[in-house]
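Worksheet: the structure to be examined is printed underneath.
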Amino acid sequence: MKTVFENIEIEVAKGDIANQPDVEAVVNAANAELAIGGGVAGALHRAAGPGLYEECKPLAPISPGEAVITGAHNLPNEYVIHCLGPVYGRDKPEDKLLENCYRNALKRSEEKQVKSVAFPAISTGAFGYPIKEATKISFNTILAEIPKLKHLQKLKFVLFSEADLEIYKAMLAEV
Ligand code: ADP
C-alpha cells in the first residue's frame, strides 16, 4: 500500500528488511554496540557479512535516539543507518527517544543525499515498545521531517508480521 505526501512516496509492506533491493538505504534497529544481535540487527548483519561489524566497531557505542550510517557491504543497498531505539519502560522519555531515532535516521540519509530508505518498526521487538504507540510516533515524526528533506523521494516501512502491517496500513490511510 502506497501514498504520496509532499512529493514523497510512502509505502508500507510486509517483508524482510535484509531483502529490500529497491531502496538505497535500510535502517537497522541496532543495539548500543552495533553488534550482530537478534531480530533486525541479526538479519542485516548476517546478510551484509562480517565487514559490516568491522565498519561499525569504531562508531560504537551509541545511545538511545542516536543514528550512525555505514556502507551496506553484501546487502543489496548502498547504506545502513543504525539507530538505537529506547527499551520500553527503561530509557526515558521513550516517546522522545523513539522520535529522535526516526529524525536522526532521516538526517543521516539526507547528509548522504539518499533518495530512498526503508525502516523497520524500531523498538517494537526485543525492546518491547507497544506497536500501536510506536507506529503513531514513527508516522508523526516522518511526516514532520519530510518537508525539510531535499533528496528523499521514497520512504518505505517494512513490517515483519501481518498484524503489524495492518496497523501501519491503517495509519497510512489517515495520511
Ligand atoms: P528492537 O530491539 O529495536 O525492538 P527488533 O529487531 O527486536 O528491534 O524488532 C523490531 C521489529 O522488527 C519487530 O517488530 C520485529 O518483529 C521486526 N523484525 C524482526 N526481524 C525482522 C526482519 N528481518 N525484517 C523486518 N522486520 C523484522
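The values are calculated or read from the model by the stated rules, or taken from the named source; none is laboratory data. Nothing here was measured: the structure is a model prediction, and the numbers come from that model. We place every Cβ from the backbone using ideal geometry, glycine too, and count neighbours over all the protein chains shown. In case anyone asks, the SASA skips ligands and DNA or RNA and just uses the protein heavy atoms, side chains included. Shrake-Rupley method; radii C 1.70, N 1.55, O 1.52, S 1.80 Å.
Yes or no, residue by residue, for (1) out of contact with any strand residue (DSSP E or B) (no Cβ under 8 Å at 6 or more places or on another chain); (2) touching a residue at least 12 places away in the same chain (Cβ under 8 Å); (3) farther than 22 Å from residue 140 by Cβ:
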| site | (1), (2), (3) |
| --- | --- |
| 34 | no, yes, yes |
| 44 | no, yes, yes |
| 48 | no, yes, yes |
| 64 | no, yes, no |
| 75 | no, yes, yes |
| 91 | yes, yes, no |
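Pairs meeting the criteria (first residue in segment 126-145 and within 15 Å of residue 166 (Cβ to Cβ), second residue within 13 Å of the ligand (Cβ to nearest atom) and among the charged types (D, E, K, R), beta carbons under 7 Å, at least 6 apart or on different chains) are 131/164.
Would you point out the residue of segment 139-174, among those that are away from the ligand (no atom under 13 Å from the Cβ), outside any helix (DSSP H, G or I) and closer than 22 Å to residue 104 by Cβ, that is nearest to the chain's Cα centre (by Cα)? Only one residue fits best here, namely 155. Which one is surrounded by the most Cβ atoms within 10 Å (Cβ to Cβ), of the residues in segment 57-77 that are in a strand (DSSP E or B) and in contact with a Cys (Cβ under 7 Å, 6 or more places away or on another chain)? Here the residue is 67.
Considering only segment 53-65, I want to know if a residue exists there that is hydrophobic (A, V, I, L, M, F, W, C) and in contact with a helix residue (DSSP H, G or I) (Cβ under 7 Å, 6 or more places away or on another chain). So far as segment 53-65 goes, no, none of its residues is hydrophobic (A, V, I, L, M, F, W, C) and in contact with a helix residue (DSSP H, G or I) (Cβ under 7 Å, 6 or more places away or on another chain).
Here are 11, 33, 54: which of them is open to solvent by 30 Å² or more (accessible area, probe 1.4 Å), away from the ligand (no atom under 13 Å from the Cβ) and either within 23 Å of residue 171 (Cα to Cα) or among the acidic types (Asp, Glu) (or both)?
None of the other options fit; the residue is 54.
For segment 105-117, the criterion of being part of a loop (DSSP other than H, G, I, E, B), farther than 21 Å from residue 174 by Cβ, within 9 Å of the ligand (Cβ to nearest atom) and open to solvent by 20 Å² or more (accessible area, probe 1.4 Å) is satisfied by no residue at all.
Here residue 80 passes the criteria (1) within 15 Å of the ligand (Cβ to nearest atom); (2) of a type in the set (Val, Ile, Thr); (3) open to solvent by 10 Å² or more (accessible area, probe 1.4 Å) except the one numbered (3). Taking the conditions (1) of a type in the set (Asp, Glu); (2) in contact with a strand residue (DSSP E or B) (Cβ under 8 Å, 6 or more places away or on another chain); (3) surrounded by 18 or more Cβ atoms within 10 Å (Cβ to Cβ) in turn, residue 145 satisfies each one other than (2). Looking only at segment 118-138, count every residue that is surrounded by fewer than 20 Cβ atoms within 10 Å (Cβ to Cβ) and in a helix (DSSP H, G or I) and tell me the total. Of the residues in that region, 4 qualify.
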